[in-house]
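S.K.: The structure's right below; bear with me while I get my questions together.
Coordinate-derived values only; no laboratory data. Everything quoted here is computed from the prediction, not taken from an experiment. All Cβ positions, glycine included, derive from the backbone under ideal geometry; neighbour counts span all protein chains shown.
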Amino acid sequence: MSKQSGGLGRYIVQRLLLAVPMVLILLTLVFVLMRVAPGDPVSAAAGGKLSAAQLAEKRHIAGLDKPLLEQYWNYISNVAHLDFGTTFVDHRKVTDLIVDNGGATLSLTIGALIVAILIGLPIGLFSGRFRDSAFDVGARVFSITTYAAPVFVTGLLAQLVFSGGSLPVSDQADQLMSLNVDTTTHIYIVDAMIAGNWDAVNDALLHLVLPSVTLGLLIVGVFIRMIRVNVIQTLQGDYIEAARARGIKESAVVTKHAFRNALVPVITVLGLQVAMLLGGAVLTEKTFNWPGIGLMLIQYINQRDYVAVQGIVTVFALVVVFISMLIDFVNALIDPRVRY
Amino acid sequence: MATTTAAAEAADAAGGEREPVLSVRDLRVWYGTERGPVRAVDGVTFDVRPGETLGLVGESGCGKSTLGRGVLGLTPTGTALSGVVDFKGTNLVGLPPKRLQKLRGPDLGLIFQEPMTRLNPLMKISEHFEEALRTHERKLSKTAIRERALEALRGMGIPPSRYNSYPHEFSGGMRQRIMIALALVLRPAFVVADEPTTALDVLVEAQIIKILADLRKNFDTALVLITHNLGIVAEACDRVAVMYAGHIVEQGDAREVFANPQHPYTKELLRSTISLSTTGLHYIPGSPPDLGRPLEGCRFAARCPVAMRGCEEHEPPEVVLAGGVRSACWHQALEADPSLGEELGKDGREPLAVKEISVADEA
Ligand SMILES: Nc1ncnc2c1ncn2[C@@H]1O[C@H](COP(=O)(O)OP(=O)(O)OP(=O)(O)O)[C@@H](O)[C@H]1O
Ligand code: SF4
Ligand SMILES: [Mg+2]
């Protein structure tokens, strides 16, 4: 046992060290991409209403008049101090913005993940187990359709279907005001729970359903296909045949041997899906007017506030690295081969 | 164990043959494919008695593994089985899956060629044993399971300290010994070992063959040993069956067959074997027929150095020769009963014009 945890500890340290170059590469990418984007960010943000002197002043405040290398160094060291800059158009610190609006995005993405797992896991396992059955064919059509349909189409469809029904179709914000809940964590549901306001909890959950389903459907397609392919491959595995040769019950062969092994690589893919999830969250928030970071991001893009955009994208990138690291730890816990 | 061995010796001493554990009669195993059936095993008959080891040899693709799996009913969906596999009075062909599953393990065992991939990578060795024992012997206590497993492992030279390790912590040879222990812990009466040493080095090979050879002494287990290595057969098998293109062409006492091969294919196979005394390499020109096409006549006719014209169209009957050796070749059939020659037609006994099979053709 001690030998195992030693292996796990060493693995965690290795993986943490590996995250450093990963983060650096991502930050550099963000920095470069922001600078090759066409147009002068400051004059664009100001909308041509400022004089040349005022523009220069603004540039100076944003540090854009400094040499590129110095800008790069400032950017990296600021990020290291968790300072992601201050927005140009409304002078908010990006960190405040993350705190205020991050909760909405977090509940949306977690909701979407739950939807994707609840729908994707059973469908994927089943269609892999009963390959080429009518169910499997249906599952494949479903996964391709949900994957191919753009978020706003799914979202609008959901809104159309449910408008006038029992599910709220947009806007969490009014509720937040009207039900008067203290914003302790900025995660609306949690705040409502802390306040013991069960009407608000219920209301928040109802509001969360459609956006979560919309975003969940975006990733569920990839999810189903991954699980299905893995189940099919694992079922053909040598140790499956060996287990059958030992007379292990078919139900145990399928669940204990095939499903468990098939899900190991799926966890990794789930980590990679986080990037897609964040991208989808931006579009979903726009469709449902959901007050998350994504909605803010779109606003700042429209206003050409490049400091804000750079700050938010940087946070997204860090989240992706962090999640992929977490996923690797989970993997190491499940699969003994990873640890050594 | 001592009593059964004594009983076996008594039976041997009395010159009487013991009842077979497994009697296979006219077994056919056809794979369903898009191109139609692949007749991988096409009418095979043999017996295995308790404590006896039958070596199964033949070129790659002749159906040895298919035969081994077919006996245990471990064939992919879409495979058609016919004939009789009589195990202690029960015909395994057509048995409901549930009943076959209960027999696999405690009655019928299978050991595979590739030990590296045969253990579940997410399960400890102990979990493999617990699962197998709990499936077939429900009343066993936790301590009893542990004892049984450790005893089986010790028999294979795996120390108890490794009981809670994962498969990837073992070498190939160790994993194969674990696989054997896992098969034997349930004490099956009949075991198929499908090239159990092909993936291992020669020292480990000798070790494992020794373990398998000891099996029949200690547990009275009947063993079918599939191998490409004729040396192993000579060393470790009581009887041998030579397969060619889905048929058994010759079977009998191993020493008898090696000393005095009857079927032309067996002769060619033995000539192709490399040994220290070999001078120059011999090989059988051509390649085995495509089992996906219907075949008639003797399947070896195209490559047989002593083929006759009739061989191509008429399937040779199996005849029992001196020493109980069975062979399916027209030469021996005609010797045993010249009247059979009528079936071959009037110039059926003329030598078959040798089709030029050159190396260039094969390439
Ligand atoms: N699942 C399958 N579907 C269709 N054909 C198959 C399948 N498995 C094997 N075959 C074919 O059946 C024939 C016999 O295969 P088998 O594996 O039994 O041969 P083998 O004697 O064990 O060969 P080797 O010595 O290489 O292991 C081959 O022609 C092979 O191509
Ligand atoms: S039957 Fe004819 S072709 Fe077949 S092995 Fe005998 S001699 Fe050769
Ligand atoms: Mg084989």
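S.K.: Taking beta carbons within 10 Å but only from partner chains, what does the mean come to for residues A:297-310?
M.R.: Mean inter-chain Cβ contacts per residue within 10 Å come to 0.
S.K.: For a Förster distance of 30 Å, can you work out the FRET efficiency between the beta-carbons of residue A:100 and residue A:144, rounded to the nearest 0.05?
M.R.: E between residue A:100 and residue A:144, to the nearest 0.05, is 0.20.
S.K.: While we're here: How much net charge surrounds residue A:228 when only the other residues with a Cβ under 10 Å from the Cβ of residue A:228 are counted, with Lys and Arg +1 and Asp and Glu -1?
M.R.: Net local charge, residue A:228 excluded: +3.
S.K.: Give a residue-ordered list of calculated ³J(HN,Hα) values for the range A:103-114 (Karplus: 6.51 cos²θ - 1.76 cosθ + 1.60, θ = phi - 60°; whole Hz; x for Gly, Pro).
M.R.: So the Karplus estimates, Gly and Pro as x, are x, 5, 5, 4, 5, 5, 5, 5, x, 5, 4, 4 Hz.
S.K.: Per residue of A:246-257, what is the mean number of Cβ atoms on other protein chains within 10 angstrom of that residue's Cβ?
M.R.: Averaged over the peptide's residues, the number is 5.
S.K.: Using modelled amide H (1.01 Å from N, peptide plane; none on Pro or chain starts), what sits under 5 Å from the amide H of residue B:22, excluding residues fewer than 5 places away?
M.R.: Counting only residues 5 or more places away or on other chains, the set is B:48.
S.K.: Grab the eigenvalues of the alpha-carbon gyration tensor for the protein assembly as shown, scale each by 5, take roots, and send me the semi-axes largest first in whole angstrom.
M.R.: 70, 29, 25
S.K.: Still on this model: Using the alpha-carbon atoms, what tilt in degrees (0 to 90, nearest 10) does helix A:134-148 show relative to the longest principal axis of chain A?
M.R.: With rounding to tens, the tilt is 10 degrees.
S.K.: Roughly what % antiparallel, to the nearest 5, for the DSSP beta bridges in chain B?
M.R.: Percentage antiparallel, nearest 5: 60.
S.K.: Mind checking which aspartates and glutamates have their Cα closer than 18 Å to the Cα of residue A:286? Skip sequence neighbours fewer than 8 apart in that chain.
M.R.: A:100, A:171, A:174, A:305
S.K.: How many percent of DSSP beta bridges within the protein assembly as shown run antiparallel, rounded to 5?
M.R.: In the protein assembly as shown, approximately 65 percent of DSSP beta bridges are antiparallel ones.
S.K.: Determine the relative contact order of chain B: mean sequence separation of Cα pairs under 8 Å and six or more apart, normalised by residue count, in whole percent.
M.R.: 18
S.K.: When the C-alpha atoms of chain A are aligned to their principal axes, what extent does each axis show, in angstrom, from largest down?
M.R.: Each principal axis gives a Cα extent; for chain A these are 83, 54, 40 Å.
S.K.: Contact order normalised by length for chain A, with contacts defined as Cα pairs under 8 Å and 6 or more residues apart; what percent is it?
M.R.: The value is 29 percent.
S.K.: Pull up the cross-link candidates among the lysines for residue B:102, meaning alpha carbon to alpha carbon under 30 Å and not fewer than 8 places away within one chain.
M.R.: Within the straight-line cut-off, residue B:102 pairs with A:249, A:256, B:64, B:88, B:124, B:139, B:142, B:210, B:217.
S.K.: Which lysines does residue A:93 reach when only Cα atoms under 18 Å apart count, and residues fewer than 8 places away in its own chain are ignored?
M.R.: The qualifying lysines are A:58.
S.K.: Next question, about the same structure. Ranked from highest to lowest mean number of other Cβ atoms within 10 Å per residue, what is the order of the peptides B:126-134, A:318-326?
M.R.: In descending order of packing, they fall as B:126-134, A:318-326.
S.K.: If contacts are Cα pairs under 8 angstrom and at least 6 residues apart, what is the relative contact order of the range A:102-303 in percent?
M.R.: 35
S.K.: While we're on this one: Which whole number gives the average count of other chain Cβ atoms within 10 Å of the Cβ atoms across peptide B:64-74?
M.R.: 1
S.K.: May I ask for the Rg/Rh ratio of the range B:118-180, computed from Cα atoms with Rh as the Kirkwood radius, given to two decimals?
M.R.: 0.94
S.K.: Follow-up question, since we're still on this one. So what are the ³J(HN,Hα) numbers for the range B:205-211, from phi and the Karplus equation (6.51, -1.76, 1.60; θ = phi - 60°), rounded to whole Hz, Gly and Pro as x?
M.R.: 4, 4, 4, 6, 4, 4, 4
S.K.: Further, regarding this structure: For the range B:48-56, just list the computed ³J(HN,Hα) in residue order, Karplus coefficients 6.51, -1.76 and 1.60, θ = phi - 60°, integers in Hz, with x standing in for Gly and Pro.
M.R.: My calculation for the range B:48-56 gives 10, 9, x, x, 9, 10, 9, x, 10 Hz in order.
S.K.: Okay, next question. Give me, ordered by chain and number, the residues 5 or more places off residue B:249 or on other chains with an amide H under 5 Å from its own placed amide H.
M.R.: Under 5 Å from the amide H of residue B:249 lie the amide H atoms of B:242, B:243, B:244, each far enough along the sequence or on another chain.
S.K.: Assign one of three labels to the range B:172-274, namely rounded, prolate or oblate, based on the Cα gyration tensor with a ≥ b ≥ c the square roots of its eigenvalues; rounded applies when a/c is under 1.5, prolate when it is not and a/b is larger than b/c, and oblate otherwise.
M.R.: Verdict is prolate for the range B:172-274.
S.K.: Which of the listed residues, B:108, B:121, A:134, is farthest toward the dipole's positive end in the protein assembly as shown, when Lys, Arg count +1 and Asp, Glu count -1 at the beta-carbon?
M.R.: Farthest towards the positive pole: B:121.
S.K.: Right, here's the next one. List every residue whose amide H lies under 5 Å from the amide H of residue B:224, counting only residues 5 or more places away in sequence or on a different chain, with H placed 1.01 Å from N in the peptide plane.
M.R.: Long-range HN contacts for residue B:224: B:54, B:191, B:192, B:193.
S.K.: Report, to one decimal in Å, the Kirkwood hydrodynamic radius for the range A:102-303 based on all distinct Cα pairs.
M.R.: Value: 18.5 Å, from the Cα pair sum.
S.K.: Sticking with this one: Mind checking the alpha-carbon convex hull of chain B and giving the volume per residue in Å³?
M.R.: Per residue, the Cα convex hull of chain B comes to 171 Å³.
S.K.: Just order B:195-201, B:136-142, B:293-299 by mean Cβ neighbour count inside 10 Å, highest at the front, would you?
M.R.: Listed from highest to lowest mean packing, they are B:195-201, B:293-299, B:136-142.
S.K.: For chain A, modelled as a GNM with alpha-carbon contacts under 10 angstrom, which of A:133, A:212, A:107 fluctuates the most?
M.R.: It is A:133.
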